[in-house]
Amino acid sequence: MKELVILSGKGGTGKTSLTAAFAALSENSILCDADVDAADLHLLMNPEIKERTDFQGGGIAVIDPDKCTSCGTCRELCKYEAISEDFKVDEIECEGCGVCVDLCPEQAIDFPIKTCGQWFISETRFGPMVHARLGIAEENSGKLVALVRQQARAMAAEKDLSLLITDGPPGIGCPVIASIGGATAMLIVTEPTVSGKHDMERVVDLANHFKVPGMVCVNKYDLNIDQTEAIENSAKEKGITVLERVPFDPAFTKAMIQGKTLIEYDPGSKVSQIIKGIWEEVGKKLESNMSQ
Amino acid sequence: MIISIASGKGGTGKTTVATNLALSLPSQVQLLDCDVEEPNAHLFINPMIEKKETVSTAVPKIDEDKCTLCRKCVEICRFRAIIVIGEVILTFPELCHSCGGCMIVCPEKAISETGRELGVLEKGKKDGLEFGHGRLRVGEAMAPPLIKKVRSLSKPEGVVIIDAPPGTSCPVITAVKGVDFVLMVTEPTPFGLHDLKLAVEAVKLLGLPHGLVINRADMGDNGVKEYAAQEGLPILLEIPFDRRIAEAYSRGRLIIEEMPEWQEKFIELYQSIENIVAKVAKGKG
């Protein structure tokens with residue numbers, strides 16, 4: 001099984017719209033939305049949820065006021081300043097390290113496991129999809145990303161699907177790192193702006209750091225041709241494959257409003273043809289990475 | 001006054017609003033870019049960096065001569081950053097959350113502190129504007145401790161503008177917690193609306209006053225406006241889709257440089273924020 005992860009560094013470059021278009025073009029594939037924090041792929045895929053499972057994050061400290069003698073040990077130990085003067089735990093600050101739980105002389109601190117989201121196995125018009133929703137203000141996004149990818153892989157194996165398409169989160173931190181380990185290749189979607197270039201370079205460095213082969217595609221390239229060229233040159237210098245450019249096209253937004261992929265919205269349009277070409281190139285790259 | 005600029009969805013224009021607002025105000029302003037994974041504000045501000053420091057977090061270093069393989073450190077570590085295999089003890093510094101538990105429980109005092117680099121903190125100036133940002137080291141997973149470092153630069157006097165990362169999880173919460181106002185930037189598309197709703201839930205959870213900027217206001221549908229009306233969310237500014245703005249942005253230029261008449265709108269935006277914050281303060285007082 002091959003896995004393509006779509007990333008961007010910078011948000012809003014068109015990652016999810018392209019992922020959805022690829023889903024419409026691919027056969028024998030499964031989709032995974034690894035942007036568990038602000039997931040959008042389901043808005044285009046309209047998934048029918050078949051299975052829904054709670055996501056158990058880590059534990060969280062809870063002080064029993066009846067047992068607490070206000071000795072202050074926990075406040076001294078807590079590196080996250082999560083315990084107030086009146087010995088209440090701030091759930092948002094608590095990192096779930098459990099140090100206070102283990103070292104409270106009165107054993108007054110409980111450590112219940114917190115449910116911090118849900119993950120889903122769904123069916124879409126383009127095949128199965130695994131996705132999730134992290135609770136608001138929750139931690140453990142990396143853990144949930146790792147979980148949805150693992151589930152998607154297991155399902156691909158079970159159903160004998162040959163390709164996993166993963167829509168990744170923005171940035172380069174914990175959820176991104178969790179979304180790329182062991183992938184066959186990653187496609188970085190960027191835009192021809194100073195931010196797009198800067199952020200693409202950091203994702204490329206991340207790809208090289210974790211030794212995942214990368215490809216770059218400049219979306220909305222005609223907004224600034226000079227920037228597009230600068231991005232493509234920078235990517236080539238870093239040993240990254242450069243794919244065909246995608247022009248700025250309001251059809252992306254129009255398709256999104258109708259809840260459709262670009263390919264369904266207007267299959268014959270020029271931009272749909274360009275994306276088909278890119279998808280063929282991506283397929284070849286995945287094949288050659290697999291055989292290496 | 002501390003204002004965080006946030007949005008659930010990325011690429012909606014947080015940095016555009018943060019930088020233009022920061023450079024429009026006549027008062028003393030500090031701009032802190034807390035999107036440490038992908039900081040972009042400096043590309044538009046071009047500050048003169050005056051100070052650069054490496055930020056590290058404490059991780060354990062085990063003296064194998066003293067270690068008796070008692071496994072007390074393994075037991076307390078919820079992040080599986082220390083393991084014992086046979087006669088060997090191993091640490092995984094990248095998994096460590098720096099809680100310090102292992103050092104406290106080790107009966108042999110075999111564990112000391114060493115550092116894992118989180119990234120760098122940079123401070124600088126551009127004309128009257130004070131600037132600060134963090135750059136997460138490529139390969140580092142944990143953004144919140146570096147975001148806290150960037151926020152620690154904020155000065156009580158004057159206006160502090162924080163450019164927050166996208167999303168609704170811990171990095172964003174770290175960048176908005178305890179501020180006076182959260183300005184949410186969205187775009188009028190289904191993705192923009194969906195992620196805005198999540199962001200609004202997050203700021204409500206934290207009990208923070210908030211308002212909305214709609215960017216590329218004429219490009220999508222009416223969903224965001226309908227939602228704003230229904231929720232009583234004040235729309236404080238609308239920025240139309242204008243190819244001149246998009247092209248200026250692509251070159252690292254500000255709207256107010258390209259179209260100086262916009263400075264007035266950003267000043268008005270700040271005044272609306274001040275009014276809301278004053279009202280909330282009065283309500284609480």
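Those residues that are of a type in the set (A, V, I, L, M) and surrounded by 13 or more Cβ atoms within 10 Å (Cβ to Cβ), I need them from segment B:37-68; list them, please.
Result: B:Ala41, B:Leu43, B:Ile45, B:Ile49, B:Val55, B:Ala58, B:Val59, B:Ile62.
Hey, B:Glu247 hits all of (1) more than 17 Å from B:His194 (Cβ to Cβ); (2) part of a strand (DSSP E or B) but one; which does it fall short on?
Failing condition for B:Glu247: (2).
Would you point out which residue out of A:Lys159, A:Lys220 is farther than 24 Å from A:Glu287 by Cβ and surrounded by fewer than 24 Cβ atoms within 10 Å (Cβ to Cβ)? Please lay out each step first, then the result.
Values: A:Lys159 fails: farther than 24 Å from A:Glu287 by Cβ.
After ruling out the rest, the residue left standing is A:Lys220.
Which ones in segment A:99-127 are surrounded by fewer than 18 Cβ atoms within 10 Å (Cβ to Cβ), under 30 Å from A:Ser162 (Cα atoms) and touching a helix residue (DSSP H, G or I) at 6+ places or on another chain (Cβ under 9 Å)?
A:Arg125
Restricting segment B:176-198 to residues that are among the aliphatic types (A, V, I, L, M) and in contact with a Ser or Thr (Cβ under 6 Å, 6 or more places away or on another chain), which is surrounded by the fewest Cβ atoms within 10 Å (Cβ to Cβ)?
The residue in question is B:Leu198.
Could you please let me know if B:Cys34 is surrounded by fewer than 20 Cβ atoms within 10 Å (Cβ to Cβ), within 30 Å of A:Val99 (Cα to Cα) and in contact with a strand residue (DSSP E or B) (Cβ under 7 Å, 6 or more places away or on another chain)?
no
Can you tell me which residues in segment A:70-93 are touching a residue at least 12 places away in the same chain (Cβ under 8 Å), within 19 Å of B:Ala58 (Cα to Cα) and exposed (fewer than 14 other Cβ atoms within 10 Å of the Cβ)?
Across segment A:70-93, the qualifying residue is only A:Glu81.
Return the only residue of A:Glu158, A:Glu123, A:Glu85 being part of a loop (DSSP other than H, G, I, E, B) and among the acidic types (Asp, Glu).
On the way: A:Glu158 fails: part of a loop (DSSP other than H, G, I, E, B); A:Glu123 fails: part of a loop (DSSP other than H, G, I, E, B).
After applying the criteria, what remains is A:Glu85.
Just give me the residues in segment B:250-269 being out of contact with any Lys or Arg (no Cβ under 9 Å at 6 or more places or on another chain) and either in a loop (DSSP other than H, G, I, E, B) or acidic (Asp, Glu) (or both), in sequence order.
Scanning segment B:250-269 gives B:Arg251, B:Gly252, B:Arg253, B:Leu254, B:Glu257, B:Pro260, B:Glu261, B:Glu264, B:Glu268.
Would you point out the residue of segment B:107-135, among those that are in a loop (DSSP other than H, G, I, E, B) and surrounded by fewer than 19 Cβ atoms within 10 Å (Cβ to Cβ), that is nearest to the other protein chains (Cβ to nearest Cβ)? Please lay out each step first, then the result.
Quick first cut of segment B:107-135, residues in a loop (DSSP other than H, G, I, E, B) only: B:107-110, B:127-128.
With surrounded by fewer than 19 Cβ atoms within 10 Å (Cβ to Cβ) added as a condition, the list becomes B:107-109, B:127-128.
Working: B:Pro107: 14, B:Glu108: 17, B:Lys109: 16, B:Asp127: 20, B:Gly128: 23 Å.
Among those residues, the one meeting the criterion is B:Pro107.
Cβ contacts < 6 Å: first residue closer than 19 Å to A:Asp40 by Cβ, restricted to segment A:153-172; second residue of a type in the set (Val, Ile, Thr), any location; separation 6+ or different chain. Result?
Filtered contacts from segment A:153-172: A:Leu164/A:Ile30; A:Thr166/A:Val5; A:Asp167/A:Ile6; A:Asp167/A:Thr16; A:Asp167/A:Thr19; A:Gly168/A:Val5; A:Gly168/A:Ile6; A:Pro169/A:Val176.
Residue check, A:Gly72 against (1) more than 10 Å from every other protein chain (Cβ to nearest Cβ); (2) small (Gly, Ala, Ser); (3) touching a Leu at 6+ places or on another chain (Cβ under 9 Å), all met but one. Which one?
With respect to (1) more than 10 Å from every other protein chain (Cβ to nearest Cβ); (2) small (Gly, Ala, Ser); (3) touching a Leu at 6+ places or on another chain (Cβ under 9 Å), A:Gly72 is out only on (3).
Return the total of residues in segment A:128-157 being at the interface with chain B (Cβ under 10 Å from one of its Cβ atoms) and touching a helix residue (DSSP H, G or I) at 6+ places or on another chain (Cβ under 6 Å).
Number satisfying all stated conditions: 6.
Does B:Val138 count as hydrophobic (A, V, I, L, M, F, W, C), at pLDDT 95 or above and surrounded by fewer than 18 Cβ atoms within 10 Å (Cβ to Cβ)? Break it down into steps so the answer makes sense when it comes.
Values: hydrophobic (A, V, I, L, M, F, W, C): yes; at pLDDT 95 or above: yes; surrounded by fewer than 18 Cβ atoms within 10 Å (Cβ to Cβ): no.
The answer is no for B:Val138.
Which of the following residues is in the same structural domain as A:Gly127 (by TED's automatic domain parsing) and over 18 Å from the mean Cα position of the chain (by Cα): A:Ser179, A:Ser162?
A:Ser162
The values are calculated or read from the model by the stated rules, or taken from the named source; none is laboratory data. What you see is a predicted model; the values in this text were computed from it and never measured. Cβ: placed from backbone, ideal geometry, glycine included. Neighbour counts: every protein chain shown.
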